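Okay, structure first, notes after.
The values are calculated or read from the model by the stated rules, or taken from the named source; none is laboratory data. Every value quoted in this text rests on a predicted model; they were computed, and no experiment measured them. No Cβ is skipped: glycine too gets one built from the backbone with ideal geometry, and neighbour counts run over all protein chains shown. Accessible surface areas use protein heavy atoms only, side chains included; no ligands, DNA or RNA. Shrake-Rupley method; radii C 1.70, N 1.55, O 1.52, S 1.80 Å.
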Amino acid sequence: MADNKNELSNAYQPMVDDIKEIIEEGRNKAYSSVNSIMTMTYWNIGRRIVEEEQRGQERAQYGKKLIKYLSEQLQLTYGGGFSERYLAYFRKFYLTVPNPEILQTHLQNLSWSHILMTLRVGDETARRWYLTNASTQGWSVKQLSRNISTQYYERHYAAPQLTEAKKAPDKLEILKTPVMAEFLGFKMEESYSESDLESSIISHLQEFLMEMGKGFAFVARQQHIRTEADDYYIDLVFYNVVLKCYVLIDLKIGKVTHQDVGQMDMYVRMYDELKCTEGDNPTLGIVLCSETDQDIARYSILKDNEHLFATKYKLNLPSEEQLKVEIERQKEIFYMQHPALKEKEGEADE
């Protein structure tokens, strides 16, 4: 009997596996289809509300009465999924993405949970940015939630320039400050070494790559570079497929020093000469430290250097307000390193 079962298993298992794959594919398509239909339904409700509002004489007052009355009527038929709050979100959804083609072609892989989460973001530019990047980078709802809560958009070095009207150099769209690394698992006031920090990053590489941003791929840890005079080891090496360049990271505990910056400058120059091949853009170097320094940004070789950066990391999540203050402080230090960018931003705002 056992032999017969084994024979059947050997003969039919490929077919069973194929049918399971067909079922899973069908279920995934059904879920995707239902999600797409639901999203378009909510978008159309929002569109209809806006159209009706535009017919009113006193828009703000008219709009509140309209949504209140509509909610009461819909809940009588369909239940609690059409509260005033949700109808307001449908309206906001339409106003955020008024073009149905964009919704169907660029955001079609987002669930309503993704969209609802972004609608809670106050700044319209940031809201559109989160929608676009959640779609293009395939963020899960959990990843999107984490990125919004850690102000991922605001932490970009040149976030104000990310709109089409003020396009930043590509590298500045990817680099951010501070880097939030709460996922590494270090407790408040816990002592750790640079080696501990490096090991934890390797253990949480997927989260670290997502935090670093778009297009990063891991290359090596403690990469050995040998010259005629000596041997050198670079903490972490990545390749960015968007920028088409290597990105070197040197981990430092404490405030960045001019020696740290000088060392990274040397690593970048060596890498360009000894490791880069045809088609690679110039290497970027990041000193990832627990504290940046205004004087280093203003007076060291960091200033006006497009290939060297000092970026602060934080191992514990601050409050929302504390993070806002920290972001502004780090941006100010960044602009000390790149005063020309600050001037351009001021001109664009005028």
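Of the helices (runs of 4 or more DSSP H) lying entirely inside the stretch 80-130, those carrying at least 2 residues that are open to solvent by 20 Å² or more (accessible area, probe 1.4 Å) and over 25 Å from Gln54 (Cβ atoms) are 112-119.
Pairs please, first residue from the stretch 111-131 and more than 14 Å from Tyr152 (Cβ to Cβ) and in contact (Cβ under 8 Å) with a residue 60 or more places away in the chain, second anywhere and of a type in the set (Phe, Trp, Tyr) and open to solvent by less than 20 Å² (accessible area, probe 1.4 Å), Cβ atoms under 8 Å, 6+ apart in sequence or on different chains. Hits for this filter: Ile115/Phe93. Return yes when Leu315 is closer than 20 Å to Ile225 by Cα, touching a residue at least 40 places away in the same chain (Cβ under 8 Å) and touching a Lys or Arg at 6+ places or on another chain (Cβ under 9 Å) and no when it is not. Considered against the rule, which asks whether it is closer than 20 Å to Ile225 by Cα, touching a residue at least 40 places away in the same chain (Cβ under 8 Å) and touching a Lys or Arg at 6+ places or on another chain (Cβ under 9 Å), Leu315 comes out as no. Say whether the condition of being within 19 Å of Gly46 (Cβ to Cβ), within 14 Å of the chain's Cα centre (by Cα) and among the hydroxyl-bearing types (Ser, Thr, Tyr) is met by at least one residue in the stretch 101-116. The answer is no, given that none of the residues of the stretch 101-116 is within 19 Å of Gly46 (Cβ to Cβ), within 14 Å of the chain's Cα centre (by Cα) and among the hydroxyl-bearing types (Ser, Thr, Tyr). Is it true that Leu323 is within 21 Å of the chain's Cα centre (by Cα), modelled with pLDDT of 95 or more and within 27 Å of Ala181 (Cα to Cα)? No.
Restricted to the stretch 300-330, and to residues there that are hydroxyl-bearing (Ser, Thr, Tyr) and farther than 16 Å from Asn147 by Cα, the residue that is least open to solvent (accessible area, probe 1.4 Å) is Thr311. Taken over the stretch 253-308, the residue count meeting the criterion of being assigned to a loop (DSSP other than H, G, I, E, B) and within 20 Å of Met336 (Cβ to Cβ) is 12.
Given the criteria closer than 27 Å to His156 by Cα and of a type in the set (A, V, I, L, M), does Leu103 qualify?
Working: closer than 27 Å to His156 by Cα: yes; of a type in the set (A, V, I, L, M): yes.
When the stated conditions are applied, Leu103 passes them.
All of Ile296, Ile253, Ile333 fail the test of being open to solvent by 50 Å² or more (accessible area, probe 1.4 Å), touching a strand residue (DSSP E or B) at 6+ places or on another chain (Cβ under 9 Å) and of a type in the set (Val, Ile, Thr), apart from Ile253. Looking at Ala30, Ala11, Ala88, Ala60, just one residue is out of contact with any strand residue (DSSP E or B) (no Cβ under 9 Å at 6 or more places or on another chain), small (Gly, Ala, Ser) and at pLDDT 85 or above, and that residue is Ala88.
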